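Worksheet: the structure to be examined is printed underneath.
The values are calculated or read from the model by the stated rules, or taken from the named source; none is laboratory data. This one's a predicted model, so the numbers in the text were calculated from it and none came from an experiment. Note: ideal-geometry Cβ built from the backbone for every residue, glycine included; neighbour counts use all protein chains shown. Each accessible area value is taken on the protein alone, full model and side chains, heavy atoms only, with ligands, DNA and RNA left out. Shrake-Rupley method; radii C 1.70, N 1.55, O 1.52, S 1.80 Å.
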Amino acid sequence: NQLRGYTKSPAADQQAALNERSPLQGTASLRMPMLILHGTEDQMVPVDHACRLRAALREQGRPVRDSWIDRSGQLTVASRIPCSQPVLDAPIDAQSPMVQVVFLERQDHLYASAVKKAARRLAVEFLSRELASPVAPSQSN
């Protein structure tokens, strides 16, 4: 029912409607800095969705920084990520805005208090940093 309410289509048409709305369809046109936070045990939106978006952006040459927030709220550079699909890395476009992907250890769709605080702090830092950096002419449209 939640899916039908989102797609506004009968069950047979839902996959096509989801594909149409998927950010994977337009990764080439996503030219803004991106912060992606995803719980590794999210049952509503499996972590594979974040992994596929990450892979698609890497294939477009976007610089991607992987991070990990553990259950205590500690942020670290990711030494491992919960993604299994291969990534066809394109050469990194130095003019392309940063993508930061943060995996939230053992979190589902609702985050524990320490993780939520760390994620909020990270989002504010990311926005402050990215909004303060100059915008390249190709990104200003």
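Calculate what fraction, in whole %, of the accessible area of the chain sits on carbon and sulfur atoms when a 1.4 Å probe is rolled over the protein chains.
Working: 4780 of 8860 Å².
Of all accessible area on the chain, carbon and sulfur atoms account for 54 percent.
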For region 9-140, report the % of Cα-Cα distances exceeding 16 Å. 67
Probe 1.4 Å, all protein chains in place: accessible area of HIS109 in Å², nearest 10? 90
Using protein chains only and a probe of 1.4 angstrom, how many square angstrom of SER113 are accessible, to the nearest 10? 80
Order THR40, THR76, most accessible first, counting only protein heavy atoms with a 1.4 angstrom probe. THR76, THR40
Run the dipole for the chain about the Cα centre, Lys and Arg Cβ at +1, Asp and Glu Cβ at -1, nothing else charged, and hand back the magnitude in debye, nearest 20. 320
In a GNM of the chain with a 10 Å cut-off on Cα contacts, which of MET32, MET44, MET98 has the highest mean-square fluctuation? MET44
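Might you tell me the accessible area per residue for region 57-141, computed with a 1.4 Å probe and given in Å²?
Working: 5330 Å² over 85 residues.
So region 57-141 comes to 63 Å² accessible per residue, rounded to a whole number.
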